[in-house]
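Inspection log for the structure reproduced underneath, given as structure tokens.
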Amino acid sequence: GGGGGGGGHTHAGSDADSDDNTLKSITTNSNTRFDRSKSNFMRTADLGMTQDTIFAEQFLDDPNSRAEPHYHHPSPHPPPGVQFHIDENWVCLDDGKGSHSPIAPQAVDALVAMGYRAACDPMMWTPTSKTRKYMTEKGLRFDDIPIPGPLDEGDGGPNDSTCLVWSGKFPHKYHGHEQPAVRSQGVVNMSPEDLVDLLMDSRRVGEYNKSSIGRTDEVVLSDGTNLDSCPFSGQRKKKLTGVVMQGAKVIDGNAVFDSETEDEQSDVEEIEELVFDDDGRKSVHTFTTSSTRKRRQSNFVGVTKLVLTKNKPPLVRKVLEFFTLLHCRALTDDQGGDGYIIVGRGIIPATKAEKSGKKVLQSEILLNVHIIRKLRSSKKRRDRDRGSSSSSRGSRSSKTVSTSGRKASKGDLANRCLMISVNHLKSPMVPNMLAKKVGLSAALNFMSDIRGLTE
């Protein structure tokens, strides 16, 4: 639904000025639930969300009420101070009063889906020559999750300089498509939960970003405390319709399947490990890991917030400001499970036009993705692939990349994860000619800064 244009029954003479009317009428509020002058806007055209593709009625509490552009469906009308562009579409993430807008959860879902797709799309990415050489030597393909197995002991720590990097372009025509994007991948010596906590906690940005002068959570759309009711957790239960399949349990009117097979449901797994130290002495370590069900999940799952980041890079007189949606959720089973995805995208507040002073450069994060995967010893992985019917997933061969030849113990692997990041950035500081080079070196620096915290 258009919702804007005065209903289409205006006579031909008023056509010339009807355009002005729509722009005015859309900035005023017909609906008191939403305050457009205080809302925060996000671009959605490249997420497949336009006013033509979204059925607004699904977001209306009362089917007879009028759908409000930006809140119930995307609209091509930009926030104040932004040039209108025919290909763009926008949604408001909040209602201007501190709560999320009806369409926000779907917009965040779409951002997660697009971010994950981009990170895993081999057609988009070209490795640097150094990365290509490394992958050729180790026999890695792009889709090998390269390091799920027994690893060297020093991997992912401060002295590990192995970080694979690619550059690429987004295959769409929307905002920012001419800017190069960068993908990076490497092992970090932290548990996935610790890494997620580090990246999502605004108070800790200074630990890995030396040029940061602070990040503040301006609007919290969801704090992730109650995942079952949190519309942003990616764990929404569908309304129950039709047939309940055999083997499902019905909980709160929802059919819930346990994805684990029977043999994985033991409460406590006891692992015995033979460990040889450097002198060849043998010792047996026994440690218990609780089952898949009880594993600690990051407290930031479902957290969705708008954050203001301020950076003061060396040699730059001005402050770089980013206003960004930040969201975290657990990977789904068909994304390989066992990990997290964090996505970010620049947001434009309705009040932007008044805010920025001369000393501030607005930079925009077009897309930021971190996929953080738990590493597991390769044996279990093979069993799982054999047992699962989806043979397509089985093709992701697990490569063991080891330089010291000593295998990492399962205990080591618990505190190690694989981080895949995608960065797509538009900054007035960086001329397009240099953007790729700057982006690649920023990705390498980010990885080594994070690893520097793992001593």
Considering only residues of segment 143-178 that are modelled with pLDDT under 80 and of a type in the set (A, V, I, L, M, F, W, C), which is nearest to ILE365 (Cα to Cα)? ILE145
Quickly run through segment 202-257 and pick out the residues that are within 25 Å of the chain's Cα centre (by Cα), at pLDDT below 55 and open to solvent by less than 70 Å² (accessible area, probe 1.4 Å). none
Pairs only if they're at least six apart or on different chains, beta carbon under 9 angstrom, first in segment 200-213 and closer than 25 Å to ALA330 by Cβ and free of Cβ contacts under 8 Å to residues at least 40 places away in the same chain, second among the aliphatic types (A, V, I, L, M) and surrounded by fewer than 18 Cβ atoms within 10 Å (Cβ to Cβ); list them, first residue then second. ARG204/LEU198
Within segment 47-69, the residues that are under 22 Å from GLY115 (Cα atoms) and in contact with a helix residue (DSSP H, G or I) (Cβ under 8 Å, 6 or more places away or on another chain) are LEU47, GLY48, MET49, ILE54
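Do the conditions hold for GLN51, that is, is it polar (S, T, N, Q), modelled with pLDDT of 80 or more, more than 22 Å from LEU325 (Cα to Cα) and within 32 Å of the chain's Cα centre (by Cα)?
no
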For segment 172-192, indicate whether the set of residues that are in a strand (DSSP E or B) and charged (D, E, K, R) is non-empty. yes
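State the number of residues belonging to segment 101-131 that are charged (D, E, K, R) and touching a residue at least 40 places away in the same chain (Cβ under 8 Å).
1
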Any residue at all in segment 72-84 that is open to solvent by less than 20 Å² (accessible area, probe 1.4 Å) and among the aliphatic types (A, V, I, L, M)? no
Does LYS138 fit the bill of being surrounded by fewer than 18 Cβ atoms within 10 Å (Cβ to Cβ) and modelled with pLDDT under 85? yes
Could you run through segment 89-105 and say how many residues are assigned to a loop (DSSP other than H, G, I, E, B) and in contact with a Pro (Cβ under 6 Å, 6 or more places away or on another chain)? 1
If you scan segment 410-455, which residues turn out to be open to solvent by less than 60 Å² (accessible area, probe 1.4 Å), hydrophobic (A, V, I, L, M, F, W, C) and outside any helix (DSSP H, G or I)? CYS417, LEU418, MET419, ILE420, VAL422, VAL430
Looking only at segment 56-93, which residues are within 15 Å of ARG345 (Cβ to Cβ) and of a type in the set (Phe, Trp, Tyr)? TRP90
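Using the structure shown, decide if ILE103 is at pLDDT 85 or above, farther than 30 Å from MET190 by Cβ and in contact with a strand residue (DSSP E or B) (Cβ under 8 Å, 6 or more places away or on another chain).
Answer is yes for this residue.
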Does segment 85-98 hold any residues that are more than 21 Å from the chain's Cα centre (by Cα) and under 16 Å from LEU60 (Cβ atoms), and which are they? ASP95
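The values are calculated or read from the model by the stated rules, or taken from the named source; none is laboratory data. All values reported here derive from a predicted model rather than from experimental measurement. Ideal geometry is used to build each Cβ from the backbone, glycine not excepted, and the neighbour counts take in all protein chains shown. For the accessible areas, the whole protein counts, side chains as well, though only heavy atoms, and no ligand, DNA or RNA atoms are used. Shrake-Rupley method; radii C 1.70, N 1.55, O 1.52, S 1.80 Å.
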